[in-house]
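Here the structure comes first, spelled out in structure tokens, and everything after it is commentary.
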Amino acid sequence: MKRRFPSLNALRTFEAAARHLSFSLAAEELHVTQAAVSRQIKILEDDYGTALFNRLTRAVELTDAGARLFPQVREAFHQLEVASNQVWGNKGSGVLTVSVLPTFSVKWLMPRLLDFSELYPEIEVHLVNTIAPVDFERAEVDLAIRVGTTVPQDSNLSQVGIDLLMVRGGEPLVYQELFPDEMIAVAAPAYLERRGPITNVYDLQGADLIHMATRQNAWADYLAALGWQAPPPQDGPSYGHFFLSLQAAIEGRGIALVPEILAEADLRSGLLLRALPDKIQSAGAYYLIGRKSGWKQKKTKIFREWILGNAQRD
């Protein structure tokens, strides 16, 4: 008996539009125009003979028919993804797309990727550098590297707070910790020679403290963890990425507070020195994150075992 199905392309469009409750966001995800989304939804509604969305002035909502259809269609596409990953999982080749924090990419991952390429030339690694939370439901990435926490943060005066959100969406995910996020204060040798040794909060008076826009309270948290109750005014420059903070410190513009894992190469080369001896654990860690459905895919497994081995050596 011949089976009757509506257009799979129309169903895929419906699933995206129903998940976002937005034709424009569905168009962005599917890399088509909003008009194309509207056409596919109309094709599906004509096929079913009923409306699936109520078109409001600035939004859409599911009708009763659409609300009944959506969970079934979403589950069907999930099962297709799982089955496809099981087939792809037997292949240890192809493109592996990894979403990475920019400074981690530049300072830690990219210098090691040449070794990975030599070991596994059949896997082509594509890096997407961004600090935005990764949404595995929308982004076409296999893995992500983010810093943060997998549990709600408690108020802890012995840690540096972290305000970054690692992921969005409701996709079932797996988290594998790579490194602790330990914060250290660094500066150029000439800057420290000019300032003299820093042993207490008063030695910091008048120093240029370099700040991070994404961790605005980092210096206050760090000094509080040291028990230094009178932090100096936060009048230094502020940057949006740690690699800019590191470069500013290298150029002698002040003292930067950065994750130790990001500063290790500059410390080894002598471009930077520890401005204070203490390192303070932040409230988070660096994680490798991936979809639960694709975690055991062969090329994914090869990459995560390789990066975990490098992380353990460091």
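For the stretch 1-117, list the helices (runs of 4 or more DSSP H) that sit wholly inside it and hold at least 3 residues that are closer than 30 Å to residue 262 by Cβ and either of a type in the set (A, V, I, L, M, F, W, C) or at pLDDT below 85 (or both); which are they?
Values: elements: 8-20, 23-30, 34-48, 64-88.
No helices (runs of 4 or more DSSP H) qualify here.
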Has the stretch 53-72 got at least one residue that is touching a strand residue (DSSP E or B) at 6+ places or on another chain (Cβ under 8 Å), over 24 Å from residue 20 (Cβ atoms) and among the aliphatic types (A, V, I, L, M)?
no
Mind checking which residues of the stretch 227-247 are modelled with pLDDT under 65 and surrounded by 16 or more Cβ atoms within 10 Å (Cβ to Cβ)?
231, 232
Quick one: residue 309 ticks every box in (1) surrounded by 19 or more Cβ atoms within 10 Å (Cβ to Cβ); (2) assigned to a helix (DSSP H, G or I) bar one, so which box is it?
(1)
From the residues in the stretch 1-23 that are surrounded by fewer than 14 Cβ atoms within 10 Å (Cβ to Cβ) and without any contact (Cβ under 8 Å) to a residue 24 or more places away in the chain, which one is nearest to residue 77 (Cα to Cα)?
8
Going through the stretch 132-148 one residue at a time, which ones are over 25 Å from residue 298 (Cα atoms) and surrounded by fewer than 16 Cβ atoms within 10 Å (Cβ to Cβ)?
132
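The values are calculated or read from the model by the stated rules, or taken from the named source; none is laboratory data. Fair warning: this is a prediction, and the values are worked out from it, not measured in the lab. Methodologically, a virtual Cβ is constructed for each residue, glycine included, from the backbone with ideal geometry; neighbour enumeration extends over all protein chains shown.
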